[in-house]
2 protein chains.
Amino acid sequence: MELLKQRILEEGRTVGDEILKVDSFLNHQIDANLFREMGHEFRKRFPSEKITKILTIEASGIAVATVAALEFQVPVVFAKKTQSRNLDKSIYTSKVHSFTKGITYDVMVSKRYLSKNDHVLILDDFLANGKAVEGLLDIIKQAGASVEGIGIVIEKGFQIGGKMLREKGYHVESLAIIDRFIDGKIRFME
Amino acid sequence: MELLKQRILEEGRTVGDEILKVDSFLNHQIDANLFREMGHEFRKRFPSEKITKILTIEASGIAVATVAALEFQVPVVFAKKTQSRNLDKSIYTSKVHSFTKGITYDVMVSKRYLSKNDHVLILDDFLANGKAVEGLLDIIKQAGASVEGIGIVIEKGFQIGGKMLREKGYHVESLAIIDRFIDGKIRFME
């Protein structure tokens, strides 16, 4: 998606060989108009009428998923990362390791909002090692629901997540795939 | 906002005298169309052209703020609750106590995304004791920015937050204000 790639080139900041900061428009400050364009693009790439639900994970994924839901016209469910007193006790859970934060956390989805009748599109902001998506896939499996696809805003093509998920047969669409950083400059895959 | 009140009456579940669960459409599962209507309503209630930024707090506030930003046509900044390696070191911070979760946490906003030139609208999903909003107000003060208003989806009118903020002179608009629960039934303030 050219508009997104332009923004990444203009505003993205690289740290070392692996970290890309895009917090000016994606995951700290949010450009809602860009998110609307991303929502259009996800709908184009996942045109299936079978999709009944969008599943994402807090926090940054929530904005991506909710604006996209205006296109898909299905509910969003976001997996929660910490046990809150207000969360339903009847939950699906999975463990996710975050390399970015250096911690392992539980993700949870209430059984009320995901069932075997659901056809789920997973949306998230970043795909690197694929651990967050694996946690969501585990939850979908526990619910007995179907996976219709996995939509990602920025995929780090030099990390294992995208390759692993595609090899397992999932339909993965990333709006921008980063090949690598060369001297701090961002190179995209074609 | 009648549409919202209807949904609260139809789907809200009360626990004891203080807890209202609206996770079927607001803070676990999300109805994006309802959020769009809420965005319209916030814009009507805060018509000022001076607003330059919407400030919210992860996680549930993000969806409210981002969809509303499509109306306001300004960037959203969401305060982060945990220190992540990817977050800029140059940050404003404040401490917030969550009665719901029984913990005190730090909220952080990068100095890049809030400055003395900003006119900020705070948006959040719930207002109870007002601790989260106080944390955001503290951050806005540190930035030297101006507060244009505080927009809330559901205010618990029987808790202190709304009263306290209005007495301090802030323009607070809540789309639904709950008076109290009577035998588990939800009563709104007029």
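The values are calculated or read from the model by the stated rules, or taken from the named source; none is laboratory data. Note that the coordinates shown come from a computational prediction; the quantities given were computed from them, not determined experimentally. We place every Cβ from the backbone using ideal geometry, glycine too, and count neighbours over all the protein chains shown. Just so you know, the surface numbers come from the protein's heavy atoms only, side chains and all, with ligands and any DNA or RNA stripped out. Shrake-Rupley method; radii C 1.70, N 1.55, O 1.52, S 1.80 Å.
Table for the structure above
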read-out	value
Only listed residue being open to solvent by 10 Å² or more (accessible area, probe 1.4 Å), touching a residue at least 60 places away in the same chain (Cβ under 8 Å) and small (Gly, Ala, Ser), chosen from A:Gly184, A:Gly151, A:Gly135	A:Gly184
Residue satisfying all of: in region B:168-190; small (Gly, Ala, Ser) and closer than 25 Å to B:Pro47 by Cα; farthest from the chain's Cα centre (by Cα) among these	B:Gly169
Subset tally (residues that are open to solvent by less than 30 Å² (accessible area, probe 1.4 Å) and in a helix (DSSP H, G or I)) for region B:159-181	3
Residue tally, condition open to solvent by 40 Å² or more (accessible area, probe 1.4 Å), among the polar types (S, T, N, Q) and at pLDDT below 90, over region B:90-130	2
Criterion (within 8 Å of chain A (Cβ to nearest Cβ) and more than 21 Å from A:Tyr113 (Cα to Cα)) met by exactly one of B:Thr100, B:Thr56, B:Thr104	B:Thr100
Residues being within 20 Å of A:Ser94 (Cβ to Cβ) and either in contact (Cβ under 8 Å) with a residue 24 or more places away in the chain or assigned to a strand (DSSP E or B) (or both) - total across region A:26-58	5
Given (1) more than 17 Å from the chain's Cα centre (by Cα); (2) over 30 Å from B:Phe181 (Cβ atoms); (3) within 14 Å of chain A (Cβ to nearest Cβ); (4) open to solvent by 20 Å² or more (accessible area, probe 1.4 Å), index of the condition B:Gln142 fails	(3)
Lone unmet requirement of (1) farther than 29 Å from A:Ser24 by Cβ; (2) of a type in the set (S, T, N, Q); (3) facing chain A (nearest Cβ under 9 Å) for B:Gln6	(3)
Matching option when the condition is closer than 23 Å to A:Gln159 by Cβ, at the interface with chain B (Cβ under 10 Å from one of its Cβ atoms), in a helix (DSSP H, G or I) and open to solvent by less than 10 Å² (accessible area, probe 1.4 Å), among A:Ala69, A:Ala79, A:Ala65	A:Ala65
Residue within region A:17-36 that is closer than 24 Å to A:Asp138 by Cα, open to solvent by 10 Å² or more (accessible area, probe 1.4 Å) and facing chain B (nearest Cβ under 7 Å) present	no
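Residue-by-condition table, conditions (1) in contact with a helix residue (DSSP H, G or I) (Cβ under 7 Å, 6 or more places away or on another chain); (2) more than 14 Å from B:Phe46 (Cβ to Cβ):
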site	(1), (2)
B:Leu123	yes, no
B:Lys141	no, yes
B:Gly144	no, yes
B:Ile152	no, no
B:Gly157	no, yes
B:Arg166	no, yes
